[in-house]
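Read the structure below first, then the notes.
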Amino acid sequence: MRRIEPSFDAPGRSDNGLSLSEEDRVLPTKGKRKPNSSSRTSNGRAQPASRKRGTSGRKAKRRGGLFGFLRGMVYWSLVLALWAGIAGVGVVVYYGASMPAATTWSVPDRPPNVKIVAVDGELVANRGMTGGQAVGLHEMSPHLPKAVVAIEDRRFFSHFGVDPIGLSRAMVENVVNRRLVQGGSTISQQLAKNLFLDPSRTIERKVQEVLMAFWLEAEFSKEQILEMYLNRVYFGSGAYGVEAASRRYFNKSARDITLSESALLAGLLVAPSRLSPARDPQAAEARSQLVLAAMRDQGMIGDSEMASAMSAPATRAPAFWTGSEHYAADRVMGELRRLIGDVRDDIIVETTIDLNLQRQAERTIRAIIDENRDKANASQAALVSMDSTGAVRAMVGGYDYATSQFDRASEARRQPGSAFKPFVFMAALERGLFPDTIRNDQPVRFGRWAPENFRGRYEGPMTLSEALAKSSNSIAAQLAMEVGPESVVESAWRMGIQSDLEPNASIALGTSEVTPLELTSAFVPFSNGGYRPEMHFVRRITTEAGKILYEMSPQRGPQVVSPHVVGMMNAMMAETLKDGTGRNAAIAGWPAAGKTGTSQNSRDAWFVGYTAKLTTGVWFGNDDGKPMNNITGGSLPAQAFSRFMASAHEGVPVAALPGDWQGGTMQRIEDVLRAEREREPAFPVQPVAGDGGYGHTGSIDRPLPPAEVGRQNGGRIGSIMDVILGN
């Protein structure tokens, strides 16, 4: 059989039936176009491509280009998403590696709360960083957790710590508005930030926040996370946690707040400082209505509940805590370190404050200032009241705590004026003088100092009792020089004055500054027979579990002045309320005594007085030291004393002041000596069981507890004759 050889001559069909045309080549010949085999004319010639495609070909080309662009976009988007995910994982790994091992993480203790209560257990104030007790989720108003979840994290009970849907929605809103209008953080993330992190906005902090949110979700239930969050988050105006916020804005516990109040608190979380009802009540109310709408949309409340809550009056909170009891609370906080050291756990401080007396004292001070502010030019006042055991029952440090937190009762030192004279006269009686002793009320001079009586009036010879009742400066100065200024200073310190006193001639007129608290405390021995108890605000401190950390044992204290001298002083100062400068201070039906005081140019006006149950000091003046308009201790302070004490003694059995001196001088000495020999060494009564000797309204009617009688610093203060003879 003959072999057929292929031919590579000119294109075309060969004689033997084998040929290779241009279309059969793997690569076309350079410079030649490949004809379209399907487009031939009837004679076998190729038709030009431009004639074949026409309009439909151009459309197909355009359609292929659009689809190609979209396919490219999808492709590159997936590529970018993949690389972004890889980069995100890298960032998480990088910052996560710098964090401590998760096995070492723990939720830090909540800052301790100090719950301050009155003698009857009523809340005075909460103090500490949080300003409120921790409240269990099951204890607080059921509306509150729902409101917070509705507005802050609607998928809280379904997500795993991070909410991708919420985060995506927040990103879209922020892009559309071209500013940060929504946050994508869940409640778990916010709690993680509050517990562990600083508020800086960095990638590192955000990554750490997410990781810690995952850890919280793994370690705690949703209910536990929500409870921790609500007890720690900031609600504005210095309130951390729902209890502090409820007390701050509504003056009630988080257990008792309504639906509208719950919505208001939940609405604050987005911007607590700006939306606080103490700063912008309208903005807080508008935000609370958004919360109510969110609760309705999520089926947490019905239309009628929402309508009722929206119709509730807007909350208007004071710019600061209000109520004079906060002056006492501040004082208590200042004493805690001395009593128990650092506060590490929640504690309950049981005080001596009687809120009924406290509120009456506040009403009295405010009413008298409101009635006399303009004509008297008096803008501030302070009042302190304590019982015979030294327990402070009421303390008002100023006209309005919300306006000024400066405590004028315990921190402001002022000249007491003639209210200091009882210590001068007491020193004179201890040197052997008597209320009936005669001195001449006349102009006197001691070196360069020439004290003058009020308005320059002098009445000639008078008894010491009359001199004290009419507040003679001349006789007070004479007595101070007779006994010596050092003796006057010693007497004042012995009675309870703590401030530095200058032992000069003018000490008789009260030129050394003291606080209302210490001056009132120094009058207490006159009311209880000569004993100086320890002035105190706190009677017991316990943990929440009831463990006692501190307990005050009320005691009579050392005897610092003879009962006979006390009797003479009480008789003399009782005359001040009967016929002297303190007539406006009289209390109907009650034996009382006291002393007025006015500093130079009426810058300070005082009245300090007492019954057998309560000792109360009142001061009026101005913070800047401007003179009042002819206000003396016998005017506004005496009026305030009378109003407050009359209310405080309602329903209390009348009791006489200690001592029975009724006049006479030398003829009484034998009686004095006999009384000294027969005097009992201690009162037989004991504190009332169950309240440590304290009570509330009517609580001023309590017996004094027993104590060492007749001892001071380990030494005995003897009889009046011992004092006179200097033994």
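The values are calculated or read from the model by the stated rules, or taken from the named source; none is laboratory data. As the structure is a computational prediction, the values presented were derived from the model and not from experiment. Quick reminder, even Gly has a Cβ in these numbers, built from the backbone with ideal geometry, and neighbours come from all protein chains shown. Surface areas here come from the heavy atoms of the whole protein model, side chains and all, with no ligands, DNA or RNA. Shrake-Rupley method; radii C 1.70, N 1.55, O 1.52, S 1.80 Å.
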Unit Cα scatterers, Debye sum, region 482-615: log10 I(q)/I(0) for q = 0.12, 0.15, 0.22 Å⁻¹: -0.56, -0.82, -1.46
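Where Lys and Arg each count +1 and Asp and Glu each count -1, what net charge lies around residue 371 among other residues with Cβ under 13 Å from its Cβ? Could you put the intermediate results ahead of the total?
Values: positive: 363, 366, 373, 375, 643; negative: 370, 374.
Here the charged neighbours net out to +3.
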13 Å beta-carbon shell around residue 493, net charge (K/R +1, D/E -1): -3
Centroid-to-centroid separation of region 434-498 and region 599-646 [C-alpha atoms, Å]: 21 Å
Rounded to whole Hz, the Karplus (6.51, -1.76, 1.60) HN-Hα couplings of region 328-338, x for glycine and proline: 5, 4, 4, 5, 4, 4, x, 9, 4, 4, 5
Sorted largest first, extent of region 447-549 alpha carbons per principal axis (Å): 67, 26, 24
Point-to-point label distance, residue 75-residue 271, nm (Cα→Cβ direction, 7 Å offset): 4.8 nm
Alpha carbon centroid spacing (whole Å) that separates region 536-576 from region 367-431: 19 Å
Accessible area, probe 1.4 Å, largest first, for residues 431, 205: 431, 205
Convex hull projection area averaged over all views, region 561-665, Cα basis, nm²: 7.6 nm²
Accessible area of residue 399 in the full protein assembly, 1.4 Å probe (Å², nearest 10): 50 Å²
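Quick one: order 248, 540, 448, 154 from most to least accessible surface, probe 1.4 Å.
Values: 248 15, 540 50, 448 240, 154 140 Å².
The ordering from most to least exposed comes out as 448, 154, 540, 248.
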Per-residue SASA entry for residue 581, accessible area with 1.4 Å probe, Å² rounded to 10: 50 Å²
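What per residue convex hull volume, in Å³, do the alpha-carbon atoms of region 193-277 yield?
Details: hull volume 8.3 nm³, N = 85.
Taking only Cα atoms, region 193-277 has a hull volume of 98 Å³ per residue.
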Local electrostatic count, residue 519, Cβ distance below 15 Å [Lys/Arg +1, Asp/Glu -1]: +1
Percent carbon-and-sulfur accessible area, region 365-415, ignoring ligands, DNA and RNA, probe 1.4 Å: 39 percent
